[in-house]
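Each remark here refers to the structure printed beneath this line.
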Amino acid sequence: MAASLGITEAMLATITEQYGRSARSRVIDWQTLVDANIARSDVDKLYAVNGFFNRNRFISDQEHWQKADYWATPIEFIGTKGGDCEDFVIAKYITLRALGVPDAKLRITYVKSLSLNQAHMVLTYYASPREVPLVLDNLINQIQPASSRTDLLPVYSFNGDGLWKAKMNGEGQKIGTADELDMWQDFIVRLQREKASP
């Protein structure tokens, strides 16, 4: 396996044991996606990654993990072939980072979905800090500029480098670091544990 995702044969054996042979195949497909798109443009990578993950099923954390809120690692998401909006977004974010898209261009963005009247999470891509970002969403397959997504009200966004008060145009005001988000810290610990296990 290529090193871009850090997936080893030992990890594949563990995935097979935990989630079954079909999960192993899905993880190999994930690695193939990265290998096949590593040299493509950022926009091509966005479309490839969005399409790959949006074919999974939506399932609430309560039903899936018996918890009110749980941010699954990409392997947990792929292994179980589903998750909620945070799981879709995090899997896309991690994959785009593995594909070499700079962290500065990506934000995990917490929004209010006005059409659903509930909290939601999307991934946003900034070609430059002052531009209107593109929105990758598990609710729709089409990638659109944030200015076209009048159904979404941005609240805050974050990535590995920071935490921002969100707005529709540009990256918003930096208000801290992602270290301040307990769910993100819990996710990072579990992600590192996955990578460290044989």
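We did not get these values from a lab; they are worked out from the coordinates using the rules stated. Everything numeric here is computed off the predicted structure, so don't read it as measured data. Heads up, the Cβs are rebuilt from the backbone with ideal geometry, glycines too, and the neighbour counts pull from every protein chain shown.
Kindly provide the trypsin sites (Lys or Arg not before Pro) of segment 10-64 that DSSP labels as loop, not H, G, I, E or B, and whose Cβ sees at most 14 other Cβ atoms within 10 Å.
Working: sites: Arg21, Arg24, Arg26, Arg40, Lys45, Arg55, Arg57; in loops: Arg40, Arg55.
Listed in order of number, the matching sites are Arg40, Arg55.
Which whole-number percent gives the relative contact order of segment 11-91, counting Cα pairs below 8 Å spaced six or more residues apart?
Values: 73 pairs, mean separation 24.8, N = 81.
With pairs under 8 Å counted, the relative contact order is 31 percent.
Grab the chain and count how many Lys pairs have their alpha-carbon atoms under 17 Å apart, sequence gap of 8 or more, or different chains.
For the chain, the number of qualifying lysine pairs is 10.
Roughly how many Å is it from the Cα centre of segment 75-134 to that of segment 1-67, as a whole number?
15
Between Glu63 and Ile28, what is the label-to-label distance in nm when each label sits 7 Å out along the Cα-to-Cβ direction?
So the label points at Glu63 and Ile28 sit 3.0 nm apart.
What is the extension gain from Ala13 to Arg130, computed as 0.36 nm multiplied by their sequence separation minus the C-alpha to C-alpha distance, in nm to one decimal? Could you put the intermediate results ahead of the total?
Working: separation 117, 0.36 × 117 = 42.12 nm, distance 4.45 nm.
Going from the current span to full extension adds 37.7 nm.
Can you give the angle from 0 to 90° between the axis of helix 9-19 and the longest principal axis of the chain, with both taken from C-alpha atoms, to the nearest 10?
80
Test of understanding: in a Gaussian network model of the chain with alpha carbons linked when under 10 Å, which of Leu136, Leu12, Leu116 would top the mean-square fluctuation ranking?
Among Leu136, Leu12, Leu116, the largest GNM mean-square fluctuation belongs to Leu116.
Can you tell me which of Asp35, Asp69, Asp137 moves the most in a GNM of the chain? Springs connect C-alpha atoms under 10 Å apart.
So, out of Asp35, Asp69, Asp137, the one fluctuating most is Asp69.
Starting from the eigenvalues of the Cα gyration tensor, five times each then square-rooted, give me the equivalent ellipsoid semi-axes of the chain, largest first, whole Å.
On the way: eigenvalues 139, 69, 53 Å².
Each semi-axis is √(5λ); the values are 26, 19, 16 Å.
Provide the net charge surrounding Thr14, with neighbours chosen by a C-beta distance below 11 Å and charges set as Lys +1, Arg +1, Asp -1, Glu -1. Working shown, then result.
Values: positive: Arg24; negative: Glu9, Glu17, Glu194.
Net local charge, Thr14 excluded: -2.
With each run of n ≥ 4 DSSP H residues scored as -39500 (n - 2.57), what mean residue ellipticity at 222 nm is computed for the chain after dividing by its residue count and rounding to the nearest 500 deg cm²/dmol?
Numbers: 7 runs with 82 residues, N = 198.
Result for the chain, helices only: -13000 deg cm²/dmol.
With contacts defined as alpha carbon pairs under 8 Å and 6 or more residues apart, what's the relative contact order of the chain in percent?
On the way: 322 pairs, mean separation 33.1, N = 198.
After rounding, I find 17 percent.
Please say if segment 1-83 is rounded, prolate or oblate, where rounded means a/c under 1.5 for a ≥ b ≥ c the square roots of the C-alpha gyration tensor eigenvalues, and otherwise the choice is prolate for a/b larger than b/c and oblate otherwise? Please list the in-between numbers first.
Values: a/c = 2.35, a/b = 1.29, b/c = 1.83.
Verdict is oblate for segment 1-83.
Could you identify which residue out of Ser128, Ser115, Ser147 has the top mean-square fluctuation in a GNM of the chain using Cα springs shorter than 10 Å?
For the chain, modelled as a Gaussian network with Cα springs under 10 Å, the answer is Ser115.
In debye, nearest 20: dipole of the chain around its Cα centre with unit charges on the Cβ of K, R (+) and D, E (-)? Walk me through the numbers on the way to the answer.
On the way: 22 positive and 24 negative charges, 74 e Å.
Taking the Cα centre of the chain as origin, the dipole is about 360 debye.
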